[in-house]
Amino acid sequence: VVFFSPNLSLLSGCVLGVLAMLRPFSWQCLVMPVTPGSLLGFLDAPVPFLLGVQHKTPDVSARCSAHVRVNLYKGAVTNTGHLPQLPGYKRLAAALYPHYARVRSAAAAAGAGGRPMHMLTPEEEEGMSGFLSELASHLGAPSSIFGGPGQSSGGGSGPLGSSDSQPVTPTTTPAPSNAPPGGIVGDLRPHIITHVGTATRTATLMKDSLLEATPPKDRTFVRTFIETQMFQVYSDHVMAALFEGRAM
């Protein structure tokens, strides 16, 4: 993904802002908020990346022909047609809009034109907090992974079915009502198997089982997403948390 803007503050702020918007997942690949001319070769890198570029020269445009492009000065995102749609996209967009509108209104009232991006009014902070909370809950809130508020993680056995595991303490903050159950990849627990008879407790996520449990309309996205490093780190974290009997 390549971001374009001649404004250094806007450019770097938006690239870094994507990292916060991915929670509870975490970006595992190349990030360069402002890419100097000497490093534009990264546009040809064979790995996922988030790059910020100030000037869209003919050479840069040619190199970015196959990339997702975010034109910050136009407020447009292009070349996304080849990507599978995020599950619940329309529902999420409707839920995020009130928070977005609140931030825009607060920024206009405060005269945001001459302020650095990191200097927010209390009203803007509340709007952004609501936006990020709604988004994180949709992507995969911890409460939906480990059971809803007030629920235990399952009888007298541990979260992975071993009697010596400690029960997981679920979060007490309910996910917004628009969030899909278990987030965009669902509840991982039914698809995790433990390996017994070894000195070290290990577990494996059965991806085929997870895909079978995914609604057909969402399988294209989930099939692609579960092969990313971002999901691998996330699923490893979930399994480690279940072993240790703690919430994420």
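The values are calculated or read from the model by the stated rules, or taken from the named source; none is laboratory data. These figures come from a predicted structure and were not determined experimentally. Methodologically, a virtual Cβ is constructed for each residue, glycine included, from the backbone with ideal geometry; neighbour enumeration extends over all protein chains shown.
For region 80-99, give me each residue that is surrounded by 15 or more Cβ atoms within 10 Å (Cβ to Cβ) and without any contact (Cβ under 8 Å) to a residue 40 or more places away in the chain.
Those that are surrounded by 15 or more Cβ atoms within 10 Å (Cβ to Cβ) and without any contact (Cβ under 8 Å) to a residue 40 or more places away in the chain: Leu96, His99.
Restricting attention to region 188-240, and to residues there that are at pLDDT 85 or above and in a loop (DSSP other than H, G, I, E, B), which single residue is farthest from Leu86 (Cα to Cα)?
Met206
How do the helices (runs of 4 or more DSSP H) wholly within region 62-168 filter down when requiring 2 or more residues that are of a type in the set (A, V, I, L, M) and at pLDDT 90 or above: which remain?
Ranges flagged: 89-110, 122-140.
Please determine whether any residue of region 25-35 is assigned to a helix (DSSP H, G or I) and either more than 18 Å from the chain's Cα centre (by Cα) or aliphatic (A, V, I, L, M) (or both).
No, that holds for no residue.
Looking at Tyr73, is it surrounded by fewer than 18 Cβ atoms within 10 Å (Cβ to Cβ) and within 23 Å of Phe25 (Cβ to Cβ)?
No.
Right, Gly52: under 24 Å from Leu22 (Cα atoms) and of a type outside the set (D, E, K, R) or not?
When the stated conditions are applied, Gly52 passes them.
Is it the case that Phe42 is out of contact with any Lys or Arg (no Cβ under 9 Å at 6 or more places or on another chain), in contact (Cβ under 8 Å) with a residue 12 or more places away in the chain and surrounded by fewer than 17 Cβ atoms within 10 Å (Cβ to Cβ)? Break it down into steps so the answer makes sense when it comes.
On the way: out of contact with any Lys or Arg (no Cβ under 9 Å at 6 or more places or on another chain): yes; in contact (Cβ under 8 Å) with a residue 12 or more places away in the chain: yes; surrounded by fewer than 17 Cβ atoms within 10 Å (Cβ to Cβ): yes.
Yes: the conditions hold for Phe42.
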